[in-house]
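The values are calculated or read from the model by the stated rules, or taken from the named source; none is laboratory data. Everything quoted here is computed from the prediction, not taken from an experiment. Glycine gets a Cβ as well: all are built from the backbone with ideal geometry, and neighbour counts include every protein chain shown. Areas reflect the complete protein model, heavy atoms only, side chains present, ligands, DNA and RNA absent. Shrake-Rupley method; radii C 1.70, N 1.55, O 1.52, S 1.80 Å.
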Amino acid sequence: MSLGWLGQDETFLVDAGNGHRLHEAVAGPFLAMQSAASHAGIDCQLVSTYRAFDRQLSIWNRKWQGELPILDLHGHLRDVAEMTEEQKIHGILTWSALPGGSRHHWGTDIDVYDQRSVRQRKHKFELIDSEYRGNGPCAALADWLSTHAIDYGFHRPFLHYTGGVACELWHLSHQQTANHFEAMRNPQQLAQAIAAAPMEGKQAVLRHFDELFDRYVLNQGV
């Protein structure tokens, strides 16, 4: 599991259905939480679970090239053609992790939504903040999780924006299991993985690597 934190080891994963995989220690707690939510009238379903290094690399490259949107902190679309390399780096990292630096590499972290509510409203789901607040289709789920996620060992690692990763009410982490991976995080290993990857903008990333590691991978903000 030494490279598991980088998304380069899948031996600890189990099938979670619908193409999702979770750490073997997380599947049970998630299913228990999902069942409890269902009894409360909430359809807690998975949007994203384990994500390999190469998948995260693809997301990064497509955002860098403008094939996927880069959003500002408030969810507004930014024009990639008008952004400097440094602006693109910070723009991507506000909502998406570096390849090798994502908590989704561990199988301990999940993105969730209320599938039934989204479908009943015929809402075009985007996984954005407004969907989890106010009258959003996933607001009731977000409120329920604020009270009950801890009962199943989950917490929100991106609950507060401090200048690093944006607030993500949909992102849950199984804390006890994630702690092992957090302890493995190593800036030298990550820099080496990035240097060896066919990653867009990697020279600019590596020039600012120490700052980016603290601000976004460790989410220490500024």
- Item | Local electrostatic count at Arg185 - Lys and Arg +1, Asp and Glu -1, tallied over other residues with Cβ under 13 Å | -1
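Summarise the accessible area of the chain (1.4 Å probe, protein heavy atoms) by the percent that is carbon and sulfur. Let's see the in-between values first.
Numbers: 5040 of 10610 Å².
Ligands and nucleic acids excluded, carbon and sulfur give 47 percent.
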- Task: Convert each backbone phi in segment 163-173 into a coupling constant with the Karplus relation 6.51 cos²θ - 1.76 cosθ + 1.60 (shift: θ = phi - 60°), then list the ³J(HN,Hα) values in order as whole Hz, x for Gly and Pro.
- Result: x, x, 6, 5, 4, 10, 5, 8, 9, 10, 10
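Among 144-154, 34-44, how do they line up by average Cβ neighbours within 10 Å per residue, starting with the highest? Write down the numbers at each step before the final one.
Values: 144-154: 17.3, 34-44: 15.7.
Order by mean packing, descending: 144-154, 34-44.
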- Task: Starting from the Cα of Lys202, draw a straight line to each of the lysines and keep only those under 29 Å, dropping any in the same chain fewer than 8 residues away.
- Result: Lys63, Lys88
- Note on the structure: Here P(r) for segment 152-222, Cα-Cα distances in 5 Å bins, as whole percents, is 3, 15, 20, 21, 19, 15, 5, 1, 0
- Task: Considering only protein heavy atoms, with the full assembly of protein chains and a 1.4 angstrom probe, order Asp111, Asp143, Asp129 by accessible area, largest first.
- Result: Asp143, Asp129, Asp111
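Could you provide, to the nearest whole Å², the per residue accessible area of the chain with probe 1.4 Å? Please list the in-between numbers first.
Numbers: 10610 Å² over 222 residues.
Heavy-atom SASA per residue in the chain reads 48 Å².
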- Query: Under a GNM of the chain (C-alpha, springs under 10 Å), which listed residue has the highest mean-square fluctuation: Pro157, Pro198, Pro99?
  - Reply: Pro198
- Note on the structure: Expressed as a whole-number percentage, the relative contact order of segment 79-222 with C-alpha contacts under 8 angstrom and at least six residues apart is 29 percent
- Please report, in whole Å, how far the alpha carbons of the chain spread along each principal axis, starting with the longest. 50, 39, 30
- Task: Amide H neighbours of Gly75 under 5 Å, at least 5 residues apart or on other chains, H built in the peptide plane: list them.
- Result: none
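Go ahead and run the numbers for FRET between His148 and Ala25, Cβ-Cβ distance against an R0 of 22 Å, rounding to 0.05.
Details: r = 19 Å, r/R0 = 0.88.
Computed FRET efficiency for His148 and Ala25 comes out at 0.70.
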- Using the Karplus curve 6.51 cos²θ - 1.76 cosθ + 1.60 with θ = phi - 60°, work out ³J(HN,Hα) for each residue of segment 204-219 in order, rounded to whole Hz, and write x for Gly and Pro. 5, 4, 5, 5, 10, 4, 4, 5, 5, 4, 5, 6, 10, 5, 7, 6
